[in-house]
1. List pairs: first residue in segment 19-40 and free of Cβ contacts under 8 Å to residues at least 60 places away in the same chain, second residue surrounded by 11 or more Cβ atoms within 10 Å (Cβ to Cβ) and of a type in the set (Ser, Thr, Tyr) anywhere in the structure, Cβ distance under 6 angstrom, at least six positions apart or on different chains.
2. What helices (runs of 4 or more DSSP H), lying completely within segment 1-80, carry at least 1 residues that are among the small types (Gly, Ala, Ser), surrounded by 13 or more Cβ atoms within 10 Å (Cβ to Cβ) and out of contact with any Cys (no Cβ under 8 Å at 6 or more places or on another chain)?
3. Which residues, counting only those in segment 48-81, are touching a Leu at 6+ places or on another chain (Cβ under 6 Å) and within 15 Å of Val30 (Cα to Cα)?
4. Sort out which residues of segment 14-51 are within 11 Å of the chain's Cα centre (by Cα) and either small (Gly, Ala, Ser) or more than 22 Å from Val77 (Cβ to Cβ) (or both), and write them in order of number.
Amino acid sequence: MKAHKGDVRVQKHGCCVLLIILANNDYDNVTAIVAAGCIPAVLAAMKAHMGDEGVQHHGCMTLIILADNAYNATAIVAAVAVQAAMAAHAGPCPGCTTATHCDTHFY
């Protein structure tokens, strides 16, 4: 992700891969990923690609898992990327007809 910051596909797939790895909630994986600079990389991807829903979605989901740790949560909140992503993509869920966000449709 660091080598291809301007490539939206690399950023989207990078965030997605991180999300898949983190979904297992394996403490060793979380620790290694954070130590490798995951949080700044995801935040940079979200900032660089504000208009891409995939980057924003996978980035936010990755940050949600990482925010389970107080230290990580502080770093994430300080960057305000989550609030910016939510503001940029406000509105109905693209996967259904509800007027609000739902947790059913992941892409």
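Each value in this text was obtained by applying a stated rule to the coordinates, not by laboratory testing. Quantities reported herein were computed from a predicted structural model and do not represent experimental measurements. Glycine also receives a Cβ, built like all others from the backbone with ideal geometry; neighbour counts cover every protein chain displayed.
1. Within 6 Å, the pairs are Leu19/Thr62.
2. 8-22, 38-48, 70-79
3. Met61, Thr62, Ile65, Asn72, Ile76
4. The answer is Gly14, Cys16, Val17, Ala41, Ala44, Ala45.
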